[in-house]
Amino acid sequence: MSPSQPFKLPDFYLGWPARLNPNVDTARRHTIAWSREVGILDTPPEDQTPEIWTEAKLEAMDYGLLCAYTHPDAPSPELDLVTDWYVWVFYFDDHFLDVFKRTRDPEGGRAYLERLPLFMPIDLTQTPPEPTNPVERGLLDLWWRTVPTKTLEWRRRFFESTKALLDESDWELRNIDADRVANPVEYIEMRRKVGGAPWSAHLVEHANFVEVPDRVCDSRPMRVLKETFADAVHLRNDLFSYEREILDEGELSNCVLVLERFFDIDTQTAADMTNEVLSSRLYQFEHTALTEVPILIEENALDPVEQQSIALYVKGLQDWQSGGHEWHMQSSRYMNKLARDEQSAAAVLGGPQGLGTAAARLAGRTPESLGLTRLRSFMHVPLAVVGPTTLPDFYMPYEAHVNPHLEQSREDCIEWARRMGFHTPVAGVPWSGIWTEQQNVEFDFGQCSARLHPDATADELNLSTRWLCWGTYGDDGFPIVYGNTRDLVGAKLCNARLATFMPLDCASMPPPTDPLEASLADLWLLTATPMTTEARVSFRSGVMEMTESWIWELYNHIQQRIPDPIDYVEMRRKTFGSALTMNLARVTHGGNLPAGIFETRPMRGLENASQDYACMLNDVFSYQKEIQFEGELHNMVLVVANFLRLTSKQAVLVVNDLMTSRLHQFENILETELPFVVESFDLDEENQATLAGWVEMMKDWMAGILVWHQVSGRYKEPVLKRTRTPGALIGAVSSGSPFGPTGLGTSGVRIPGGEHAMVETTARAPALGARVLAGLGTSAADLGSSGG
């Protein structure tokens, strides 16, 4: 490694070859002329803005080459347009850095950012203001060259992604001003917006003259394709730009730095870990494209034109990914000299070239660069005996309160569940008798609800407790009813029918056929009847978000696949029913707050941070229940242990650190960002009090969930041994074989030694290193222990 280079670039996984657009030189010449025309070069004195780039600097960064690699099939005029967009966005980034970040001028930065959306009218009859600087002038020109040929829906999406790219620069500026490095979960979420790759995905549509059909653009597969594309683009950029951003510009938004600080590890180890996250996101992209998109096409009966649009869009994202890497290897903007020298040497010394020699060139490739590390996600041995989890010291600065109607709500929940048929098995009715009444009593949902909503009335508390009971019953029942037989079609039909028992008119619904449907119909009428139509839509969406996520879990069980860590965190909020419980709270705590307030970055940040704390907390408490007794794959401790190659004991410490960092983020938002929400919405005293009540509700929610997990019988080993048979929920093993299926043809699936064998096997993979483990608070004695 060069002494001036902070780390050696890791072995990147590249699933597709880079191709170069033959119009590259035309784009280079055009964009230099355009930059001069809008004032990016030779900035007019009347703009009162510093000269950010010289022509030599712009040529050396070579954005024409970037776009020629990332859009290899675009015709020359389209390539010119796309190249101008990238020159503009990189110029904006550097301009904002010099004018507002280096000078620590958040107020000026906000005022500057607030003007830019005016130059992007969705309604093309609107007249923008007169531009006053190169950023505004360039944006106005590009907008009118781009959007007139696209639909209104695409225009809206492109506007939102461009606005997010601009607005979230304010988030970076605030962190720099506070000398604050984000936690890993927060960073990934915010980097998508700040980094602008979702914006790039929209330009991929434009450059390929297609649009993702509006009716599926918000579906999980299309959303995941865009998010994995964005994450991979940004993480790759973080690796190449670390030297410039961290050591020169004083930036704090870089994943390598985030992981350095969070794990207390050296820069090289953090860079290698960043690359592993990058590879995992690419694996998720491929997995989604190959397994979820075809089903999406069939289920939505997309016509041939729509199918072709999606295919060209996916191909365009692939081209961008590989082309973007090639540009990073060549641009003067990034740390790449050592890697280029090694690449040149490999080309000379790397073995035979020409037809039929590809296999010979694989000899020097690493498992990481070949994409083989994805296999870890499919190697988990279910139902390992892990024993009770040693609980860490959880950080919880808020006091849990209890509702005085607790006992009454406990009794109401059991009586209601009995009446709905939860406890009584009925022949031919698969959703009956999932629990016994004793189990329901031991779960104690009344205790949970009374902690989450300590100020609720008796009726409000009863309703909340019933919803918690219903959601958990469905979550437990789904793998029993559909997991045993891998009945994906039945699961989807069930989910589709559930929507019919939440009619917006609170009247038209079919007769229920099982306890799950009957109980949902009952809850819906009690909950939704007093609501406005808008509130019903939001609440219904929260319920469906949860039930649809159960299908995602079933997909992974069918494939025996541990989820990608980022995909897991984001889907866990849905499987946990976070939106459902938050929407219940809005009914009693939301008051007359403007609806838009809940969509602001600080409010979304508060909700996501509190939800992640609760979800990870649940995974720590439920680890033994899910791994040993249920054969579950969806648990943060398991996901972390698999991804970082740790024992479960070490993974629990990592998860607890993540929980703590999310709660610290919650506190930071309350202190530094929420006051600006109050100011921007000009809330009166009544609404400020309502907002304060909403914040207290989230504190109660987190503190109450911790207490409930500590007292509930749902996760205690004696109750588990008495009430659960290992493997009963997944049908993967017989009760006499704790480590895999038995019978003819199953020997290859069974791995002797259970979890101990898996620890021994994964120990051969590259370890995190002593400093990582020290950062996790482990001792040398822990390194030889098995998980759990």
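Some values worked out for this structure:
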| read-out | value |
| --- | --- |
| Degrees between helix 648-672 axis and first principal axis of the chain (Cα, 0 to 90, nearest 10) | 70 degrees |
| Mean separation of Cα contacts under 8 Å, 6 or more apart, over the residue count of the chain: relative contact order % | 14 percent |
| Nearby aspartates and glutamates by direct alpha-carbon distance to Lys315 (threshold 15 angstrom, same-chain neighbours under 8 apart not counted) | Asp73, Glu205, Glu211, Glu286, Glu306 |
| Highest average packing first - 398-404, 471-477, Cβ atoms within 10 Å | 471-477, 398-404 |
| Angle between the chain longest axis and helix 197-207 axis [Cα atoms, degrees, rounded to 10] | 60 degrees |
| Reach of Lys337 by Cα under 16 Å, taken over lysines that are not fewer than 8 positions away in the same chain | Lys8 |
| Accessible area per residue, Å², the chain with all protein chains present, probe 1.4 Å | 40 Å² |
| Within region 614-646, backbone nitrogen closer than 14 Å to the virtual label 7 Å beyond the Cα of Lys716 toward Cβ | none |
| Surface share of carbon and sulfur [accessible, 1.4 angstrom probe, percent] for the chain | 55 percent |
| Projected area, mean over directions - region 170-261, Cα convex hull, nm² | 6.8 nm² |
| Label point distance in nm, Lys163-Thr291, each placed 7 Å from Cα along Cα→Cβ | 3.6 nm |
| Furthest towards positive pole of dipole, Ala384, Thr532, Val38, structure part the chain, Cβ charges | Ala384 |
| Rg to Rh quotient for the chain, alpha carbon positions, Kirkwood Rh | 0.96 |
| Above-threshold pairs, the threshold being 30 Å between Cα atoms, out of Lys574/Lys649; Lys150/Lys574; Lys492/Lys625; Lys193/Lys716; Lys492/Lys716 | Lys150/Lys574; Lys193/Lys716; Lys492/Lys716 |
| Cα-centred dipole magnitude for the chain, charges only on beta-carbon of K, R (+1) and D, E (-1), debye, nearest 20 | 2640 debye |
| Crossing angle, helix 169-178 versus the chain [Cα axis fit, 0-90 degrees, rounded to tens] | 80 degrees |
| FRET efficiency estimate (nearest 0.05) - Cβ-Cβ, Glu437 to Arg724, R0 25 angstrom | 0.95 |
| Farthest positive-ward along the chain dipole, Cα basis, beta-carbon charges - from Ser322, Ser648, His234 | Ser648 |
| Extended-chain gain in nm, criterion 0.36 nm per residue less alpha-carbon gap, Glu107 and Gln268 | 54.3 nm |
| Full-stretch length increase - Thr529, Leu20 - with 0.36 nm per residue and alpha-carbon distance subtracted | 177.3 nm |
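The values are calculated or read from the model by the stated rules, or taken from the named source; none is laboratory data. All values derive from a computational prediction rather than experimental measurement. No Cβ is skipped: glycine too gets one built from the backbone with ideal geometry, and neighbour counts run over all protein chains shown. We work out accessible area using only protein heavy atoms, side chains counted, and drop any ligands, DNA or RNA first. Shrake-Rupley method; radii C 1.70, N 1.55, O 1.52, S 1.80 Å.
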